[in-house]
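The values are calculated or read from the model by the stated rules, or taken from the named source; none is laboratory data. Not measured: the values here are computed from a predicted model. Here Cβ is always computed from backbone atoms with ideal geometry, including for glycine, and neighbour counts include all displayed protein chains. Please note that ligands, DNA and RNA were not included when accessible areas were found on the heavy atoms of the full protein model with its side chains. Shrake-Rupley method; radii C 1.70, N 1.55, O 1.52, S 1.80 Å.
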Amino acid sequence: MQLKALKAPGASHRTDAFVVFRTKGGARKLAAVPDAALRKAGEAALKSSEFGGGAGETLLLHGGSNGRRLVLAGCGDSKKPSGDDLRAAAASAARAASGDNIKRVTYLSPGGAAEAGLVAEGVGLALYSFDAMKSGKAKKVAACEVAPESGKSEGVAAAVKRANAIVAGACLTRDLGNLPGNVANAAYLAKRARELAGGGVTVKVHDRAGINRLKMGAFAAVALGSANEPRFIEMKYRGAKKSAPTIALVGKGVTFDTGGISLKPGAKMEDMKFDMCGGGTVIGTMHAIKALKLKVNVDAYVPATDNMPAATAYRPGDIVTARNKKTIEVINTDAEGRLLLCDALAYAAEKKPSCLIDLATLTGACVVALGDVASGLFSNDDKLRSDLEAAGKAVGEMAWPLPLHETFTKMMRGTYADLKNSGGRWGGACTAAAFLEQFVADCTWAHIDIAGVAWTEKDKGYHRVGATGYGVRLLVEFLSRRAES
Ligand code: BES
Ligand code: MN
Ligand code: ZN
């Protein structure tokens, strides 16, 4: 959903609903609502206790000329709502103003350009729906526009444009995540990545033979059980001058994780279609930074395959050799993500990027630790860790630091090989990170475990059930802060 920026709407403005945002105890005047009857009704509601301004609260009022309506949207207790409060309030308003007869909605955002951008993000993310696999015509959502309530429209158009690009990236990530394993297999992800070529993006894809040629023995082992051919997707975006540092992104692309021979239990196994969300986030981020023409250079890698049990599948006990020559004893074929990532990280590290960041739905242990509140953030560099943490905080995608420590590294030592792929249950998110660290050479590196945040079981704020697109906003913010001015 793309939103339009608008200057102050006049009395005859054609729309089906105006939306105004109020905090608890906020201003009771609605001078910017250009419809006299709605203004009066809204001000009466604000004066009475019918509308209190609480977070998530909305009130839909009728009676404007030409059937126009007014939606009051609550932003909560705080005098200065956070960015995420405003996104969530905009999402609630978008839902309240989504009746069959509402084709066009005019959001009067509080504050200035930044708030207009936040409203556009909240609305755009909330109005996403995944209809691609349903028969029948998808419901057409309303056309939306944002105008600052204050009338100070400076910078609003740019902020809304930026929000649109970020929303489009996150919704691409959501689509890729929501598509099932029988559709969004490795070749499909590669096809969607290829569609981004042009405008500074180049894409190169390696098939099974190519992965073997690249000596990615760990990744290749996971793909042995898959009838769908694996793909190693390489994308480059060049938005800065040649001499600018390159940032490398790696995303886990397990298009379906059955656990392999170490088969998962059946309950909730269908959710393992989301096991490519790290890869999806990387592709969605490339889409966004291309649209934003961000002045950065980014190399992105998505190792993609499904993890299946089969006569050809890899087994517990197998010993595989990764691209950096380290040998790995397979304890559990369900610890497959790290086997894809280790080869992709080793490959990315060879190109000496200024920093290397991977995202992965890597461990159930991370979900136990942080739930759906934050991703787990590991880094061998204090500045990179705090920059990612700050970027996440700024955009409402929390990333919480977890430890890298040699005790965890020791837990990953193999009996019959250099390493093993599972350190057991305890400290599972940390042992997984310690494993990955063995493959980044001397790179400045961070690992973001998104297992708990990549999808949601029900609609929540500006998220819809299914893939959230987590990480696109965080990475776009991080990359923007590192862009050439
Ligand atoms: N994709 C899973 C991790 C996962 C589980 C993500 C649940 C989201 C929700 C990963 O491949 C996996 O199976 N990890 C194992 C590792 C273990 C065998 C060492 C896990 O976390 O149980
Ligand atoms: Mn697994
Ligand atoms: Zn997995």
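Can you name the residue in the range 233-257 that is farther than 22 Å from residue 307 by Cβ and either polar (S, T, N, Q) or assigned to a helix (DSSP H, G or I) (or both) and is also nearest to ligand 2 (Cβ to nearest atom) among such residues?
Here the answer is 246.
For residue 399, are the conditions met, namely being more than 15 Å from residue 360 (Cβ to Cβ), among the aliphatic types (A, V, I, L, M) and away from ligand 3 (no atom under 16 Å from the Cβ)? Explain how you work it out, then say what you get.
Numbers: more than 15 Å from residue 360 (Cβ to Cβ): no; among the aliphatic types (A, V, I, L, M): yes; away from ligand 3 (no atom under 16 Å from the Cβ): yes.
So residue 399 fails the test.
Keeping to the range 365-398, report how many residues are in contact with a His (Cβ under 7 Å, 6 or more places away or on another chain) and β-branched (Val, Ile, Thr). Walk me through how you get there before you give the answer.
Here is the first cut: in the range 365-398, the ones in contact with a His (Cβ under 7 Å, 6 or more places away or on another chain) are 378.
Restricting the remaining residues to those that are β-branched (Val, Ile, Thr) gives none.
Result for the range 365-398: 0.
Kindly list, by first and then second residue, each pair from a residue in the range 431-454 that is within 14 Å of residue 376 (Cβ to Cβ) and free of Cβ contacts under 8 Å to residues at least 24 places away in the same chain to a residue that is within 16 Å of ligand 1 (Cβ to nearest atom) and open to solvent by 10 Å² or more (accessible area, probe 1.4 Å), limited to pairs with Cβ atoms under 6 Å and residues at least 6 apart or on different chains.
What qualifies is 431/408; 431/411; 431/423.
Would the range 252-270 turn up any residue that is more than 12 Å from ligand 1 (Cβ to nearest atom), in contact (Cβ under 8 Å) with a residue 12 or more places away in the chain, within 18 Å of the chain's Cα centre (by Cα) and closer than 28 Å to residue 465 by Cα?
No, every residue in the range 252-270 fails to be more than 12 Å from ligand 1 (Cβ to nearest atom), in contact (Cβ under 8 Å) with a residue 12 or more places away in the chain, within 18 Å of the chain's Cα centre (by Cα) and closer than 28 Å to residue 465 by Cα.
Kindly indicate which of 65, 82, 49 is at pLDDT below 95, out of contact with any Lys or Arg (no Cβ under 6 Å at 6 or more places or on another chain) and of a type in the set (Ser, Thr, Tyr).
On the way: 65 fails: at pLDDT below 95; 82 fails: at pLDDT below 95.
Result: 49 is the single residue among 65, 82, 49 that is at pLDDT below 95, out of contact with any Lys or Arg (no Cβ under 6 Å at 6 or more places or on another chain) and of a type in the set (Ser, Thr, Tyr).
Given the structure, is residue 222 over 17 Å from the mean Cα position of the chain (by Cα), within 15 Å of ligand 1 (Cβ to nearest atom) and buried (at least 23 other Cβ atoms within 10 Å of the Cβ)?
Numbers: over 17 Å from the mean Cα position of the chain (by Cα): yes; within 15 Å of ligand 1 (Cβ to nearest atom): yes; buried (at least 23 other Cβ atoms within 10 Å of the Cβ): yes.
For residue 222, the condition - over 17 Å from the mean Cα position of the chain (by Cα), within 15 Å of ligand 1 (Cβ to nearest atom) and buried (at least 23 other Cβ atoms within 10 Å of the Cβ) - is met.
Could you tell me which residue of the range 45-90 is most open to solvent (accessible area, probe 1.4 Å), considering only residues that are within 13 Å of residue 17 (Cα to Cα) and among the basic types (Lys, Arg)?
69
Would you check if there is a residue in the range 438-453 being in contact with an Asp or Glu (Cβ under 9 Å, 6 or more places away or on another chain) and in a helix (DSSP H, G or I)?
no
Please identify the pairs in which a residue from the range 415-427 that is under 14 Å from residue 318 (Cβ atoms) has its Cβ atom under 7 Å from the Cβ atom of a residue that is within 16 Å of ligand 3 (Cβ to nearest atom) and open to solvent by 40 Å² or more (accessible area, probe 1.4 Å), counting only partners at least 6 apart or on another chain.
Partner pairs satisfying both residue conditions: 420/331; 421/331; 421/332; 422/331; 422/332.
Can you tell me how many residues within the range 101-136 are assigned to a strand (DSSP E or B) and small (Gly, Ala, Ser)? First the steps, then the outcome.
Of all residues in the range 101-136, those assigned to a strand (DSSP E or B) come to 104-109.
Now restrict to residues that are small (Gly, Ala, Ser): 109.
Qualifying residue count for the region: 1.
Residues are listed down the side, and each one gets a yes or a no for (1) touching a residue at least 40 places away in the same chain (Cβ under 8 Å); (2) within 16 Å of ligand 3 (Cβ to nearest atom); (3) among the aliphatic types (A, V, I, L, M):
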site: 245; (1), (2), (3): yes, no, no
site: 272; (1), (2), (3): yes, yes, yes
site: 299; (1), (2), (3): yes, no, no
site: 302; (1), (2), (3): yes, yes, yes
site: 307; (1), (2), (3): yes, yes, no
site: 323; (1), (2), (3): yes, no, no
site: 339; (1), (2), (3): yes, yes, yes
site: 351; (1), (2), (3): yes, no, no
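All but one of (1) in contact with a Pro (Cβ under 9 Å, 6 or more places away or on another chain); (2) under 23 Å from residue 161 (Cβ atoms) hold for residue 133; state the number of the condition that does not hold.
Checking residue 133 against (1) in contact with a Pro (Cβ under 9 Å, 6 or more places away or on another chain); (2) under 23 Å from residue 161 (Cβ atoms), the one that fails is (2).
Do we have any residue at all in the range 192-211 that's within 30 Å of residue 481 (Cβ to Cβ) and over 24 Å from the mean Cα position of the chain (by Cα)?
Within the range 192-211, not a single residue is within 30 Å of residue 481 (Cβ to Cβ) and over 24 Å from the mean Cα position of the chain (by Cα).
Any residue that is surrounded by fewer than 19 Cβ atoms within 10 Å (Cβ to Cβ), more than 27 Å from the chain's Cα centre (by Cα) and not aliphatic (A, V, I, L, M) - is there at least one of those in the range 30-44?
Keep residues of the range 30-44 that are surrounded by fewer than 19 Cβ atoms within 10 Å (Cβ to Cβ), which gives 31-32, 36-37, 40, 43-44.
Now restrict to residues that are more than 27 Å from the chain's Cα centre (by Cα): 31-32, 36-37, 40, 43-44.
If we keep only those that are not aliphatic (A, V, I, L, M) as well, we get 40, 43.
Yes: the range 30-44 contains one or more residues that are surrounded by fewer than 19 Cβ atoms within 10 Å (Cβ to Cβ), more than 27 Å from the chain's Cα centre (by Cα) and not aliphatic (A, V, I, L, M).
Restricting to the range 266-314, name every residue that is open to solvent by less than 20 Å² (accessible area, probe 1.4 Å), away from ligand 2 (no atom under 16 Å from the Cβ) and either on the phi > 0 side of the Ramachandran plot or assigned to a loop (DSSP other than H, G, I, E, B) (or both). It would help to see each step written out before you state the result.
Taking the range 266-314 first, the residues open to solvent by less than 20 Å² (accessible area, probe 1.4 Å) are 274-286, 288-289, 294, 296-307, 313-314.
Keeping just the survivors that are away from ligand 2 (no atom under 16 Å from the Cβ) gives 280-286, 288-289, 294, 296-302.
Passing the criteria: 294, 296.
Consider residue 338 carefully, then state whether it is within 14 Å of ligand 1 (Cβ to nearest atom) and among the basic types (Lys, Arg). Before the answer, list the steps.
On the way: within 14 Å of ligand 1 (Cβ to nearest atom): yes; among the basic types (Lys, Arg): yes.
So residue 338 passes the test.
For residue 174, are the conditions met, namely being away from ligand 1 (no atom under 16 Å from the Cβ), closer than 30 Å to residue 145 by Cα and among the basic types (Lys, Arg)? Outline the logic, then answer.
On the way: away from ligand 1 (no atom under 16 Å from the Cβ): yes; closer than 30 Å to residue 145 by Cα: yes; among the basic types (Lys, Arg): yes.
So residue 174 fits the description; yes.
Are there any pairs, at least 6 apart or on different chains, whose C-beta atoms fall under 6 Å, with the first in the range 462-485 and open to solvent by less than 20 Å² (accessible area, probe 1.4 Å) and the second of a type in the set (Ser, Thr, Tyr) and not in a loop (DSSP other than H, G, I, E, B), and if so, which?
468/456; 469/173; 471/281; 472/173; 472/281; 472/285; 475/285
Being more than 16 Å from ligand 2 (Cβ to nearest atom), open to solvent by less than 10 Å² (accessible area, probe 1.4 Å) and hydroxyl-bearing (Ser, Thr, Tyr) is the filter here, so list the residues in the range 325-350 that pass it.
Matches in the range 325-350: none.
Taking residue 373 as meeting all but one of (1) open to solvent by less than 10 Å² (accessible area, probe 1.4 Å); (2) within 23 Å of residue 456 (Cα to Cα); (3) of a type in the set (A, V, I, L, M, F, W, C); (4) more than 16 Å from ligand 2 (Cβ to nearest atom), write down the number of the exception.
(1)
Where the second residue is buried (at least 18 other Cβ atoms within 10 Å of the Cβ) and the first is on the phi > 0 side of the Ramachandran plot and lies in the range 50-73, which pairs have Cβ atoms under 6 Å and are six or more apart or on separate chains?
These pairs meet every condition: 53/22; 53/23; 53/74; 56/92; 63/41.
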